[in-house]
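Values quoted throughout were computed directly from the atomic coordinates according to the rules given, and no laboratory measurement underlies them. Since we're looking at a predicted model, the values are computed, not measured. Neighbour counts are summed over all protein chains in view; Cβ atoms, including those assigned to glycine, are modelled from backbone coordinates with ideal geometry.
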Amino acid sequence: MNPLAIKNLVRSTRLPLIGGVLITLVAALAFGLTVGNAATPAPKAPVALKGTGDEAWGANYFPNVELTDQDGKQHRFFDDLIKGKVVSINLIFTSCSSSCGLETARLMEVQTYLGDRLGKDVHFYSISIDPLNDTPKELKSYAAKFGADLPGWRFLTGKPEDITLIRQKLGMYDDALTVDKNQSDHVLHTMLGNQATGRWMKGSPYENPEFTANQLGSWLHNYKYAAPKETSFENAPTYVRNMSDGEKLFRHRCASCHTIDGNRYAAAQRIGPDLEHVGKRRQSQWLERWLKEPDRMLAEKDPTAVAMFNQYRKLAMPNLRLDAKDITDLLEFIAEESALPLDARRVAVQ
Ligand code: HEC
């Protein structure tokens, strides 16, 4: 994991006890409990932990409230959804016009890495924090816009008080968000966990999807599945390329939804349009405003914005709260990248 990703991970996590902990946050931290208390008996050997519900973070800790998925099926939170499972849990609401779509888009990439393990030994749950408006039908259409692989990935709604309880228990509760749903920055993270072993950690929407797939597919399965490629210091690059600010931003905020390769690599295609030479296709004033407030342009029925929205499965580009410098940096990077020969492009060609 590169230092920048670590920095972003830390910046975007909001646990009270985050301190200097970087990557792995054990459940104790995630749930706001204290660790290292001398009076606490040592945990039982992991072999005894099979997701029976008797673990420290088992049936006595998690609520067994009922949630409804995108197909109208009912599930008990503990018994049916997390007991004995490796899971990724994030919060969404389908009318969100800001960053929450970014996390869904990133999970889409993680889904690709996990392949057919999704729904077998790794489960994704996106829980609505706007359950009164997010009916199963809304959730199903949201899932379809992104191309989520159902039912290995479930989109869930339920009673507001039940969802609040789940969020509190998972350390994903934020008052500010409840008062103003648009403050969606507050809960961008995802909880990744193995209920049986009690190991939980926080994921960030700016994390590299391959890394998250590895956390879910290998680490949380106690490294049962070895990484296919052995990494060795001998193979480490001899120098680290200096990335421009624009490239960094693009990698973290845009690459889950956009490529810059003229759509020449079918496998790399993303949720949004390819951005090769977008600076030539669009007027700069339009483009700058679009990056600043795509949601407002759509609301004002800007004809180009409306046409694009309809073309792209009515999935709105999120307002990523970019400032003027971010926008200049990004447009510069996109122009530079578009001008490079295809095999020299630095992002999104996979
Ligand atoms: C969650 C997915 C998502 C993310 C993240 C995202 N976009 Fe988009 N973007 C879209 C979609 C979808 C469209 C098509 C318009 C629509 O449906 O609203 C779009 C359209 C665009 C367009 C217009 C393309 C054209 O052909 O005119 C540009 C430019 C753009 N995005 C740039 C960016 C940049 C730069 C970032 C990162 C800072 C970014 N987007 C992040 C989904 C996303």
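Going from the residue with the fewest nearby Cβ atoms within 10 Å to the one with the most, SER204, SER284 rank SER284, SER204. Principal axis extents of the C-alpha atoms in segment 245-344 (largest first, rounded to whole Å): 39, 30, 23. Taking GluC sites (Glu not before Pro) across segment 255-339, the ones in a DSSP loop with at most 15 further Cβ atoms lying within 10 angstrom of their Cβ are GLU300.
In plain terms, the chain from ASP79 to ALA144 could stretch by 20.7 nm, reckoned as 0.36 nm per residue minus the Cα-Cα distance. Note on ASN242 and LEU340: their simple-model spin labels are 1.6 nm apart, each label 7 Å out from Cα toward Cβ. Ordered by the count of other Cβ atoms within 10 Å of each Cβ, fewest first, LEU275, LEU216, LEU102 give LEU102, LEU275, LEU216.
What is the gain in length, in nm to one decimal, between ALA307 and LEU132 on full extension, counting 0.36 nm per residue of separation less the C-alpha to C-alpha distance?
60.0 nm
With a Förster radius of 25 Å applied to the C-beta separation of TYR113 and ASN222, the computed FRET efficiency comes to 0.85. Residues LEU330, LEU170 in ascending order of nearby Cβ atoms (within 10 Å, fewest first): LEU170, LEU330.
For GLY171, nonlocal amide neighbours, meaning residues 5 or more places apart or on other chains whose placed amide H falls under 5 Å from its own, do not occur.
In this structure, the amide hydrogen of ILE260, modeled 1.01 Å from its nitrogen in the peptide plane, lies closer than 5 angstrom to those of LEU275, counting only residues at least 5 positions away or on a different chain. Which pairs in the list LYS145/LYS248; LYS120/LYS292; LYS159/LYS301; LYS83/LYS248 are over 31 Å apart, alpha-carbon to alpha-carbon? The answer is LYS120/LYS292; LYS159/LYS301; LYS83/LYS248.
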